[in-house]
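See structure below.
The values are calculated or read from the model by the stated rules, or taken from the named source; none is laboratory data. From a predicted model like this one, the values you see are computed outputs, not experimental measurements. Neighbour counts are summed over all protein chains in view; Cβ atoms, including those assigned to glycine, are modelled from backbone coordinates with ideal geometry. Accessible surface is based on the protein model in full, side chains and every heavy atom, while ligands, DNA and RNA are left aside. Shrake-Rupley method; radii C 1.70, N 1.55, O 1.52, S 1.80 Å.
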Amino acid sequence: MNYAIIAAGNGSRLAAEGVEYPKPLVPMCGKPMIGRLIDIFADCGAESISVIVNEEMTEVARYLRARAEVLPSLRIAVKSTPSSMHSFHEVASLLPSGKFILTTVDTIFRPEDFRRYAKAFEADDAADGFMAVTDYIDDEKPLYIGVDDDMRITAFSDTPLPGQRYISGGIYGLRSPQAIDILQGCIAAGQSRMRNYQRALVAAGLDLRAWPFSKILDVDHAGDIDKARQFLNSEL
């Protein structure tokens, strides 16, 4: 299985709120957030881990290059992009063909939840993708998920869907080349939001399965850092 991390944002909200670290290097359970993700992926037997970081975050690029010296599977792209979808497009060029799992650097989850998810996706021969979902809603602009009785995803919506309890967790398990072909089509059409890419996957008829996590958090503001640490520390 191959893995990818989008870490190309500029972290402007955290900086404006007094956080001294670039977002990917914010300590979480004794490790930088990006290092924690890399370690989780490596523990899952990653064949490759591809990361994109923007050109302004020189500390992050330096950290990643140091990690790459002892982790040959780590691939790094340093490029500033206008959106998360464009970052995905750039990091996709580093991904080998086949299954991959992509996440943003500020997605916080329990490692055991992720291991079960990754193992299930790796073993599945039918679905085109496994998308992590959660019923914990603490997001400024959640993306709601419609599913059928078999947990096949039927819709992505900006507003709550009747009878549905899940939102997107920002963790995408997909197959290339079809998922990358759809991504390229979105870029060519001038799209820039990942939620529109997810809608394009459904519109293309891909068989996407929702995989529930017990809880997933995003670190968007300074207050989210303590919230994420408390969540993870509660399991130690």
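Sorting 102-115, 196-209 by average packing, meaning the other beta carbons within 10 Å per residue, from highest down gives 102-115, 196-209.
How big is the C-alpha Rg of segment 134-226 next to the rule-of-thumb value 2.2 N^0.38 Å, as a ratio?
This ratio for segment 134-226 stands at 1.13.
Given N residues in segment 54-132, what is Rg(Cα) / (2.2 N^0.38 Å)? Write down the numbers at each step before the final one.
Numbers: Rg = 14.6 Å, N = 79, 2.2 N^0.38 = 11.6 Å.
With N residues counted in segment 54-132, Rg over 2.2 N^0.38 Å equals 1.26.
Could you work out what % of the accessible surface of the chain is carbon and sulfur, using a 1.4 angstrom probe and leaving DNA, RNA and ligands out of the count? After summing per-atom areas, the C and S share lands at 48 percent. The lysine pair tally for the chain, using Cα distances under 22 Å and a gap of 8 or more places or different chains, is 12.
Its convex hull of Cα atoms gives segment 25-82 a direction-averaged projected area, equal to a quarter of the hull surface, of 4.2 nm². Where both residues lie in the chain, what percent of DSSP beta bridges are antiparallel, nearest 5? In the chain, DSSP labels about 50 percent of beta bridges as antiparallel.
State the label only: which of (i) 16.7, 50; (ii) 20.1, 61; (iii) 21.5, 70 corresponds to Rg and Dmax of the Cα atoms in Å computed from the shown model? Given (i) 16.7, 50; (ii) 20.1, 61; (iii) 21.5, 70, the structure-derived one carries the label (i).
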